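A.B. asks: This structure is in C-alpha cells; I'll ask about it shortly.
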Amino acid sequence: MGRYFFHLHYGEYTPDVEGSEFESAQEARDSALRYLSELLRDQGHRFWEPSQVTITVTDEWNLMLWQLDLKGMASPSVASGGGYGLGK
C-alpha cells in the first residue's frame, strides 16, 4: 500500500497535503482519472475560465508519477462573439 498525492492546478495551485492510500499504483492512476472527470462534471461551468486543468500525482517523497493536463480552446469565431450565444 502506498500514499499518493493529487495536486490540482485549476486557476490556482491547490496542493494535496493529506494524500490517499491505494493498494496499487494502478488504483492511484485510475483515481486520478476519476478525480478529473468528477471535477469537470461538478465544476465544468467554470472550466473555460481558466481553460486548463492539471492534476499532478506524486508519491510520499514528492516524486512526480503522472500528470493529467486538459486544456480547452475556443476558435477565433467563438472567442470574438461570433453569434453563438455564449455568455448570454
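The values are calculated or read from the model by the stated rules, or taken from the named source; none is laboratory data. Fair warning: this is a prediction, and the values are worked out from it, not measured in the lab. Using ideal geometry, Cβ is built from the backbone for each residue, glycine included, and neighbour counts are taken over all protein chains shown.
A.B. asks: Quick check on my filter: what residues within segment 27-59 are surrounded by 15 or more Cβ atoms within 10 Å (Cβ to Cβ) and assigned to a strand (DSSP E or B)?
C.D. replies: Of everything in segment 27-59, those that are surrounded by 15 or more Cβ atoms within 10 Å (Cβ to Cβ) and assigned to a strand (DSSP E or B) turn out to be V53, T54, I55, T56, V57, T58, D59.
A.B. asks: Which of the residues belonging to segment 1-26 are of a type in the set (S, T, Y), over 13 Å from the mean Cα position of the chain (by Cα) and surrounded by fewer than 16 Cβ atoms within 10 Å (Cβ to Cβ)?
C.D. replies: From segment 1-26, those of a type in the set (S, T, Y) are 4, 10, 13-14, 20, 24; that's our starting set.
Subset that is over 13 Å from the mean Cα position of the chain (by Cα): 4, 20, 24.
Result: S20, S24.
A.B. asks: Now a separate question. Given the residues G44, G19, G83, which is the only one that is on the phi > 0 side of the Ramachandran plot and at pLDDT below 95? First the steps, then the outcome.
C.D. replies: On the way: G44 fails: on the phi > 0 side of the Ramachandran plot; G19 fails: at pLDDT below 95.
Every option except G83 fails the conditions.
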